[in-house]
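Here's the structure we're looking at; comments come further down.
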Amino acid sequence: MNKTKAYSAASATSPLSLDTIHRREATAHDVQIEILFCGICHSDLHTVRDEWNSVMPTTYPCVPGHEIVGRVTGIGSAVTHFKTGDLVGVGCLVDSDQSCPNCQADVEQFCPGATFTYNSPDKHLGGVTYGGYSENIVVDEKFVLHVPDNLEPAGVAPLLCAGITTYSPIRRWGDIKGKKVGVVGLGGLGHMGVKFARAFGAHVVVFTTSPGKKEDALRLGAHEVIISTNPDEMQEHAGTFDFILDTISADHDINAYIGMLGLDGNITLVGAPEKPLAVSAFALLFGRKSLSGSLIGGIKETQEMLDFCGRHNITSDVEIIPINKVNEAYVLLFRRLVTYRFSIDMASLKSE
Ligand SMILES: [Zn+2]
Ligand SMILES: [Zn+2]
């Protein structure tokens with residue numbers, strides 16, 4: 001086993017602090033990765049504070065982080081797709097049973113035996129898996145992704161969760177070229193949704209409650225911005241959307257957005273509000289509309305997304321921070337004061 005520096009939380013109420021964890025020696029199929037940057041996802045905060053206790057209780061110490069970009073520093077004897085020095089990514093998954101129907105359909109995120117990057121039972125060492133707020137990580141090559149060299153690593157990190165979370169439902173909807181696509185919310189997820197919808201050739205409209213975000217939405221690629229608290233603006237666009245990506249994780253009126261859809265329109269949720277949303281059946285019936293959900297993406301699709309980003313020069317807008325600012329970053333995230341995404345410069349962990 002290798003000792004590795006990491007930032008961990010000792011309990012639901014403890015701040016993250018310097019710790020030493022163990023990583024397994026690379027097996028024949030493993031890739032050893034020096035972590036360059038790790039994005040801060042809202043899931044990290046929820047898990048560290050054990051807020052998803054009813055579904056996935058947190059085991060402590062907890063080392064979060066599933067938006068990982070790094071360099072390959074070593075490979076197992078049977079590894080064929082990676083070599084030392086490659087720029088690579090690791091997202092929310094580090095393993096699965098690789099045999100169930102969902103794995104065979106390339107949607108490993110729905111595998112009943114999926115191993116998530118942190119707080120998931122560790123098949124190799126026992127205990128739970130530890131995420132990317134650490135110096136390095138060892139991952140089965142099937143769950144390691146190639147990162148195009150032309151992309152800035154700090155902005156690539158959030159693609160591994162926020163990126164694929166928004167890319168996948170847009171792709172599954174079909175060919176959105178020339179279609180009217182709405183993105184509800186302009187945070188970590190929403191700003192990626194705007195970039196992807198625009199790159200796929202859609203007419204992109206951002207719904208936001210903050211008039212102050214209008215300029216930025218246009219800069220990111222939106223064609224129009226609707227201030228959702230303005231009934232006149234909402235009414236003007238009612239019934240005209242083909243597809244809406246809803247990225248809001250706070251309680252909100254979903255029926256207002258269903259009302260924006262045209263015939264056979266679909267609204268897909270990628271945010272997870274804590275309380276159930278009240279959905280009006282009538283709002284769906286009239287116009288044969290549908291409401292769906294989507295969760296990250298499989299490994300094959302995540303690679304497709306990264307390759308697409310390489311061709312279109314898409315990365316996440318990030319604020320780079322050293323690891324010792326992570327607790328302050330969590331406070332800003334909790335108060336929704338982060339513009340898009342924090343990306344931790346993991347070189348800062350070396351001097352801790
Ligand atoms: Zn995430
Ligand atoms: Zn499976």
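The values are calculated or read from the model by the stated rules, or taken from the named source; none is laboratory data. Keep in mind it's a predicted model, so treat the numbers as computed, not measured. Cβ atoms come from the backbone with ideal geometry, glycine included; neighbour counts cover every protein chain shown. Please note that ligands, DNA and RNA were not included when accessible areas were found on the heavy atoms of the full protein model with its side chains. Shrake-Rupley method; radii C 1.70, N 1.55, O 1.52, S 1.80 Å.
Quick check: anything in the stretch 46-53 away from ligand 2 (no atom under 16 Å from the Cβ) and in contact (Cβ under 8 Å) with a residue 60 or more places away in the chain? Yes, there is a match, as at least one residue in the stretch 46-53 is away from ligand 2 (no atom under 16 Å from the Cβ) and in contact (Cβ under 8 Å) with a residue 60 or more places away in the chain.
Looking at T13, is it hydroxyl-bearing (S, T, Y), away from ligand 1 (no atom under 16 Å from the Cβ) and within 25 Å of S351 (Cβ to Cβ)? For T13, the condition - hydroxyl-bearing (S, T, Y), away from ligand 1 (no atom under 16 Å from the Cβ) and within 25 Å of S351 (Cβ to Cβ) - is not met. Scanning the stretch 72-91 for residues that are of a type in the set (G, A, S), surrounded by fewer than 20 Cβ atoms within 10 Å (Cβ to Cβ) and under 20 Å from E108 (Cα atoms) yields no hits at all. Within the stretch 211-236, the residues that satisfy the criterion of being in a loop (DSSP other than H, G, I, E, B) and either open to solvent by 70 Å² or more (accessible area, probe 1.4 Å) or in contact (Cβ under 8 Å) with a residue 24 or more places away in the chain (or both) are G221, A222, H223, S228, T229. Is there a residue being among the hydrophobic types (A, V, I, L, M, F, W, C), closer than 30 Å to A10 by Cα, part of a loop (DSSP other than H, G, I, E, B) and open to solvent by 10 Å² or more (accessible area, probe 1.4 Å) anywhere in the stretch 302-323? No: zero hits. For V69, the stated conditions hold: it is among the hydrophobic types (A, V, I, L, M, F, W, C), within 29 Å of N150 (Cα to Cα), within 16 Å of ligand 1 (Cβ to nearest atom) and touching a helix residue (DSSP H, G or I) at 6+ places or on another chain (Cβ under 9 Å).
Matching residues to (1) under 27 Å from V206 (Cα atoms); (2) of a type in the set (G, A, S); (3) in a helix (DSSP H, G or I):
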position	(1), (2), (3)
Y118	no, no, no
P148	no, no, no
G155	yes, yes, yes
Y167	yes, no, yes
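Identify, please: which residue in the stretch 92-109 is within 16 Å of ligand 1 (Cβ to nearest atom) and assigned to a helix (DSSP H, G or I) and is, among those, farthest from I164 (Cα to Cα)? Among residues in the stretch 92-109 that are within 16 Å of ligand 1 (Cβ to nearest atom) and assigned to a helix (DSSP H, G or I), the one farthest from I164 (Cα to Cα) is E108. Is at least one residue of the stretch 48-69 acidic (D, E) and closer than 22 Å to M305 by Cα? The answer is yes; a qualifying residue exists. For beta carbons closer than 8 Å, sequence separation of 6+ or different chains, a first residue in the stretch 171-195 that is at pLDDT below 95 and a second that is in a loop (DSSP other than H, G, I, E, B) and among the charged types (D, E, K, R), the qualifying pairs are G187/R336. Does any residue of the stretch 117-125 turn out to be basic (K, R), within 16 Å of ligand 1 (Cβ to nearest atom) and open to solvent by 50 Å² or more (accessible area, probe 1.4 Å)? Within the stretch 117-125 (the criterion being basic (K, R), within 16 Å of ligand 1 (Cβ to nearest atom) and open to solvent by 50 Å² or more (accessible area, probe 1.4 Å)), the answer is no, since none of the residues qualifies.
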